[in-house]
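**Q** Just passing along the structure, written as structure tokens.
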Amino acid sequence: MVRWKVYKFKLLVASVTTLLISACSSNNEATAVKVDKSTTKTIVNSILPSAHAATYEQISITAEGFKLGKPASNEEIAGWHIEVGHGHNLPPGEGTAADGEEMFETLCASCHGSFGEGVGRNPVLAGGEDTLTDRQKPERTVGSYWPYASTLLDYTHRAMPFNSAQSLSWDDTWSISAYVLYLNDIIEDEDFVFNAESYHDITMPNENGFIIKDKEADTSNTRCMKDCKDPKSITIKTALLGYGSGAEDVVEETAVVEGHELGQKIYDATCRLCHGTGLAGAPKVEDRVTWEHRLQEGINKVYKHAIDGYSGQYGVMPPKGGNLELTDEEVKAAVDFMIKDVK
Ligand code: HEC
Ligand code: HEC
């Protein structure tokens, strides 16, 4: 259950985004809201909790508040207002799985497979029933995972085929979606006419698999306030599940980096800008002679210069290269890395 929350969260973000877009629609009954920082907050707050309930706040944001741009016209908004909701904004048109089969074969199968089995890294669209509780390998497909068929209509019409998004008519979208549901045994009759009326005759298997957990952090751990572990001693273990490269591998990653590895990380992030190129008069790392010379008075002076900063003959070395969040040890590691090839 816990792992799906990430997906649930993604879905929530997606629906909040569509709600935000639709919340910005102006229509005749819209309440005009003059936008300042606090009303923006109110708008966002009033949208977030209602994301799942899918109630639509009709709010029009006037351009006046920012003194920028002009209010969007209804035609302009219509171009963006294309989301399909579960039970609202269902699109016009209709189609059957039988109509969709050929289109799916021509437009979708090259990436998703003739049976929705997925080609290469492209997502699997069918199958995976009863695998969601398999902690090692849940197979999340339209059939096994998606709670509402409206998402399929919306996604297909909005984003597919991947290489020519928004090219499908609504009839095509209903037909192809019916076919995807047919591949998932959710629509069983290939002549079932799928449209806004028959939409509610089908039920997605995982419709009740999503739970709403309001106002709770997406983690079960409590924040440590004292005697906490040294962050460097914490090991991160990531299990990359889902599609994409190495989906089946359990990747172990460790946050403990030391020595030159740590030095290189810090050098790359903070010091390379100047010391990689000689910017602002900084001695280049590869300039061994310079470094040999600079080290003549001992490493401690060099460390001190790197940590506290100094103004030299060639320019200004800012304290810790400008990143004051670095510890002295980290700066020293970066210096060690920079001079590792110097005698
Ligand atoms: C050129 C390859 C390609 C073609 C052709 C294509 N898709 Fe996709 N499809 C993708 C990719 C890649 C993704 C994943 C996109 C992402 O996650 O951002 C995707 C995602 C999807 C998803 C969401 C799957 C999920 O579980 O997240 C659906 C549904 C889908 N495609 C349906 C279709 C349909 C229907 C067609 C034909 C009209 C089609 N696709 C044609 C490449 C393709
Ligand atoms: C904004 C550019 C800039 C950045 C970023 C920067 N440096 Fe420097 N650094 C300089 C310049 C310029 C000098 C040479 C000053 C002089 O000697 O005139 C210098 C000199 C040094 C020296 C030589 C000190 C000595 O005693 O000769 C060390 C060591 C050093 N930097 C380390 C670092 C490290 C480590 C970082 C990253 C954490 C870093 N620098 C980031 C500009 C930068």
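The values are calculated or read from the model by the stated rules, or taken from the named source; none is laboratory data. Just so we're clear, the structure is a prediction, and the values are computed from it rather than from any experiment. Positions of Cβ are generated from backbone atoms using ideal geometry, with glycine treated the same way; all protein chains shown enter the neighbour counts.
**Q** Which residue is nearest to ligand 1 (Cβ to nearest atom), if the candidates are limited to the range 100-109 and must be of a type in the set (D, E, K, R) and farther than 8 Å from Tyr179 by Cα? Reasoning before the result, please.
**A** Restricting attention to the range 100-109, the residues satisfying the condition of being of a type in the set (D, E, K, R) are 101-102, 105.
Those left that are additionally farther than 8 Å from Tyr179 by Cα: 102, 105.
Numbers: Glu102: 12, Glu105: 10 Å.
Residue satisfying both the conditions and the ranking: Glu105.
**Q** Do we have Gly276 as modelled with pLDDT of 90 or more, within 11 Å of ligand 2 (Cβ to nearest atom), over 30 Å from Pro123 (Cα atoms) and surrounded by 13 or more Cβ atoms within 10 Å (Cβ to Cβ) here? Give the steps one after another, and end with the answer.
**A** On the way: modelled with pLDDT of 90 or more: yes; within 11 Å of ligand 2 (Cβ to nearest atom): yes; over 30 Å from Pro123 (Cα atoms): yes; surrounded by 13 or more Cβ atoms within 10 Å (Cβ to Cβ): yes.
Yes, satisfied.
**Q** Next question, about the same structure. More than 12 Å from ligand 1 (Cβ to nearest atom), surrounded by fewer than 21 Cβ atoms within 10 Å (Cβ to Cβ) and not hydroxyl-bearing (Ser, Thr, Tyr), is that true of Ala196?
**A** Values: more than 12 Å from ligand 1 (Cβ to nearest atom): yes; surrounded by fewer than 21 Cβ atoms within 10 Å (Cβ to Cβ): yes; not hydroxyl-bearing (Ser, Thr, Tyr): yes.
Judged against the criteria, Ala196 is a match.
**Q** Just the residues that are over 12 Å from Val142 (Cβ atoms) and among the small types (Gly, Ala, Ser), please, taken from the range 101-126.
**A** Within the range 101-126, Ala109, Ser110, Gly113, Ser114, Gly120 meet the criteria.
**Q** Something else: Would you point out the residue of the range 136-178, among those that are more than 27 Å from the chain's Cα centre (by Cα) and under 13 Å from Ile202 (Cβ atoms), that is surrounded by the most Cβ atoms within 10 Å (Cβ to Cβ)?
**A** By that ranking, first place goes to Ala178.
**Q** Continuing with this model, one more query. Scanning for something within 16 Å of ligand 1 (Cβ to nearest atom), in contact with a Leu (Cβ under 9 Å, 6 or more places away or on another chain) and among the acidic types (Asp, Glu), does the range 75-83 turn up at least one residue?
**A** yes
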